[in-house]
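Everything below concerns the one structure shown next.
The values are calculated or read from the model by the stated rules, or taken from the named source; none is laboratory data. Quantities reported herein were computed from a predicted structural model and do not represent experimental measurements. Glycine gets a Cβ as well: all are built from the backbone with ideal geometry, and neighbour counts include every protein chain shown. All accessible areas refer to the heavy atoms of the entire protein, side chains included, with ligands and DNA or RNA removed. Shrake-Rupley method; radii C 1.70, N 1.55, O 1.52, S 1.80 Å.
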Amino acid sequence: MSATLSSDVLQDDIAVAIARAIAAANKRARELNIDAMQSIISLTQYPQNDSWVWRVNYGAKDYIGRRGGDLIIEVNPEDISIQRVLWGQ
């Protein structure tokens with residue numbers, strides 16, 4: 001899948017920051033054998049140590065009758081480094 005982003009999207013700092021965070025989290029998720037295309041993905045932002053962190057959550061699309069097992073990846077938006085990787089219970 002190839003898409004060209006318009007200049008207005010590329011000039012939107014939040015859109016670019018989210019895209020970078022999701023890309024970094026997706027890379028780590030693939031390393032952990034998580035298929036992002038088969039996941040429900042949510043993104044939240046929260047404060048941590050006087051800055052903000054993106055938290056990317058990968059949950060199963062077939063969640064009915066299933067308990068736990070979500071993958072949570074925290075990404076530092078400053079340098080797009082992975083801060084923590086957590087598995088849901």
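For segment 14-89, which fully contained strands (runs of 3 or more DSSP E) count at least 2 residues that are of a type in the set (Val, Ile, Thr) and crowded, with 17+ Cβ neighbours inside 10 Å?
Per the criteria, 51-60, 71-76.
Search segment 40-55 for residues that are aromatic (Phe, Trp, Tyr) and pair each with any residue that is open to solvent by 90 Å² or more (accessible area, probe 1.4 Å) when their beta-carbon atoms are under 8 Å apart and the residues are at least 6 apart or on different chains.
46/52; 52/45; 54/45
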